[in-house]
Structure formats: C-alpha cells, structure tokens
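The structure appears below as structure tokens.
The values are calculated or read from the model by the stated rules, or taken from the named source; none is laboratory data. Just so it is clear, the model here is predicted, and its values are computed rather than measured. Glycine also receives a Cβ, built like all others from the backbone with ideal geometry; neighbour counts cover every protein chain displayed. For the accessible areas, the whole protein counts, side chains as well, though only heavy atoms, and no ligand, DNA or RNA atoms are used. Shrake-Rupley method; radii C 1.70, N 1.55, O 1.52, S 1.80 Å.
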Amino acid sequence: MTQVDAAAEIAARVAMVRARIAEVCHEARRSPDSVALVAVCKTFDADTVRHGLAAGLRDLGENRVQEAQAKIPQVGGGRWHLVGHLQRNKARIATQLFSLIHSVDSVRLARRLEAVRDGRPCDVLIQVNLTGAQTQGGIEPSGLSELASVLDRETGLTLRGLMTIGPMEVDVAASRACFRRLREMRDELRVRLPNQPIAQLSMGMTDDLDPALMEGATIVRIGRAIFGARSPVSGS
C-alpha cells in the first residue's frame, strides 16, 4: 500500500469513528463535542500516526512510555495520553511526555509522580478495575477514596477524572453496568473533592464504544478501528 493509499484509508476510518460517535451521542441526547477521541497508536510507526493527524486527529494514546519516548519526537505533533500501565521508574519521563496520564492506580505511584514532576503541571485520571480481571490493571473500587484523597491533599497533581476498561467479553448490558458504575463513582468524587476538576470518564474502546458513550464517556480510546490490527511489539 502506498503512503497516499494508507493516508486515505486512515482518513476514512477516522470519519467512520467520528460518525459513529455522533450517531450514538444523538441517541443519548448529548453533544459529540463532549467526547474526546484518543487514537491509540501503540506499535504503529510515526508515518502512520502522522496520517492520523492529517485526518484531523489531535489526541494520541500510547501504552508504553518507552515506545512513546521514541515516537513522539518523530511524529512532531498531537496531544499525547498515556493509556497503559505506568511503572514508577518511568514516572519522571511520563510527566515530561504526556498531557494526561490515564492509569494512576496506587498511592505509591501518585506520590512518585509528585516527587518527580519538578513543578510541571501533571493531569491524571485514576484507573479503577471494575471487572476483577488482573490483566486489566487499576485500583480496586475499595481503594479509590483513599487514592483520590491522597492526590487531593498530598500532591499538586490535578485529578481530571476516572478511567476503566470494560468487561473482556463484550456484552452490552454488562458493559453498560460497568461504565455506569464508573460514572457514579466520578459523581461521588466530585461532591467529596470540590477543589478538583473531576469531570472526565475515559472508557470505551473499539468493541464497546457504544455502551460507553451511552453511559457518559467523555474520552474514548480507539485503536483498531482507526489504525487497523496491531503487530506484536517488545519493550515496556
């Protein structure tokens, strides 16, 4: 496939995803402008990502700090989100690279980010594990209150909202229940921590986009529907 063909294909995919977001938002009686589309580009090269930027994408997601560190200068644009697990030993680099870290999942990580941000603003989401799947990461719901309080009282990090990954086996009812619970948790935190701008709900990927939007997702993380199937990659 030529670069021209690749660019045209990605532009068509972006348009289809945006059309789907608009359709579901209309059904849910909400504005598509209330949803940020984060294009997850893990394993894809800089040329491919630049095609996405040319197609109007602005928010780009990476799962691994090491991959992002190499790719971001090559791409030369976009607002970058860390949507994968963050190891504490890569926290400093993460505060330098990303506009929003979606995956704060422990008090230790929150304190580490505070220690290494060197006065830089650092916007974060708390990742909550609502499925019990160990492969998905995130703090248990019972630990959310403590972690949010530590972020609010002991750090200068800005808590923008919550993130979760839906059930591995996509079932609309189960997905909606999961995403609804995250929304309710966010709403409770907004009351408890009025000094934090807790508004964002990062939830919904290619396979469960619709139920996430119906339950109020403000950020959706879409990879395959934009860039296609991924190739395996090594690294962390």
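Laid out as a table, the results:
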read-out: Single residue of region 182-207 satisfying the filter (touching a Gly at 6+ places or on another chain (Cβ under 6 Å) and open to solvent by less than 10 Å² (accessible area, probe 1.4 Å)) that is nearest to Asp152 (Cα to Cα); value: Ile198
read-out: Any hit, region 19-32, residues being touching a Leu at 6+ places or on another chain (Cβ under 9 Å), closer than 13 Å to Ile222 by Cα, open to solvent by less than 30 Å² (accessible area, probe 1.4 Å) and in contact (Cβ under 8 Å) with a residue 24 or more places away in the chain; value: yes
read-out: Number of positions in region 144-178 that are within 15 Å of Leu189 (Cα to Cα) and open to solvent by less than 50 Å² (accessible area, probe 1.4 Å); value: 12
read-out: Ala55 vs. criteria under 28 Å from Ala148 (Cα atoms), crowded, with 18+ Cβ neighbours inside 10 Å, in contact with a helix residue (DSSP H, G or I) (Cβ under 6 Å, 6 or more places away or on another chain) and among the hydrophobic types (A, V, I, L, M, F, W, C); value: no
read-out: Scope region 87-114; condition free of Cβ contacts under 8 Å to residues at least 24 places away in the same chain and in contact with a Ser or Thr (Cβ under 9 Å, 6 or more places away or on another chain); matching residues; value: Leu109
read-out: Number of positions in region 196-232 that are under 17 Å from Leu144 (Cα atoms) and in a loop (DSSP other than H, G, I, E, B); value: 5
